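The values are calculated or read from the model by the stated rules, or taken from the named source; none is laboratory data. In this text the structure is predicted, and so the values were computed from the model without any measurement. Quick reminder, even Gly has a Cβ in these numbers, built from the backbone with ideal geometry, and neighbours come from all protein chains shown. Note: areas computed on protein heavy atoms with side chains; ligands, DNA, RNA excluded. Shrake-Rupley method; radii C 1.70, N 1.55, O 1.52, S 1.80 Å.
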Amino acid sequence: MSTKPTPINWTKQEVQKFASDAANKLGYQAGGDIEKIVRHLGGTVRRTDWDSVLQTGSLEVIEERNFLINLSPYSGERRARFTMAHELGHYMLHSNLGKHPITIQRDGENNRVEWEANWFAAGFLMPEAEFKRLAARGWSDAEIGEHFDVSEAAVEIRRKALGC
Ligand SMILES: [Zn+2]
């Protein structure tokens, strides 16, 4: 029986550290193939039209090593990467790697569960130590975005969160 997710209630820093550690353990490197990581964990990425995304939810966790991420076929590459990392955050934090089946709709709600998944995505795609090194070298948002293959908006938010 699939249920609505409950927040893990870790701090933003805790979630982001967990995400960076997870990326490290999974062998993910800056700008790497995130869909490959999803498949490695037993997940499937489906590019489907917006109406069926709304019907079926943007993430369906069926059981351990069995989950489905729905992406809009219209989102650009960087948006798709951030979304995959975000859904991976739900899978790890809110379903405990599939132990708790959940379905998450892409409803744009600004609730705690969504914040946590966004924090995870930022921590996964832009690990703190590496980000700070680049910022200290004076790299611009555009250069850092290129390095991590994320949007400049995502870089800006990460920069503020890390105060660098
Ligand atoms: Zn979400």
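Here are the numbers for this structure:
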read-out	value
Computed label-point distance, nm, for sites E77 and D33 using a 7 Å Cα→Cβ extension	1.4
Mean ellipticity per residue at 222 nm, deg cm²/dmol - from DSSP H runs of n ≥ 4 across the chain, formula -39500 (n - 2.57)	-15000 deg cm²/dmol
Taking segment 1-150 and dividing mean pair separation by its residue count, relative contact order in percent (alpha carbons under 8 Å, at least six apart)	35
Nitroxide proxy distance, nm - points 7 Å out along Cα→Cβ at R112 and R47	3.7
Residue range of the chain that is longest and free of trypsin sites (Lys or Arg not before Pro) which are both DSSP loop and sparsely packed (at most 10 other C-beta within 10 Å)	1-98
Cα gyration tensor shape for the chain, rounded if a/c is under 1.5, else prolate or oblate	prolate
H86, H147, reordered so the largest accessible area comes first (probe 1.4 Å)	H147, H86
Mean accessible surface per residue for the chain, computed with a 1.4 Å probe while every protein chain stays in place, in Å²	53
Antiparallel %, DSSP beta bridges [both residues in segment 12-126], to 5	60
Residue pairs, from the table K12/K160; K12/K132; K17/K160; K4/K36, whose Cα atoms sit over 21 Å apart	K4/K36
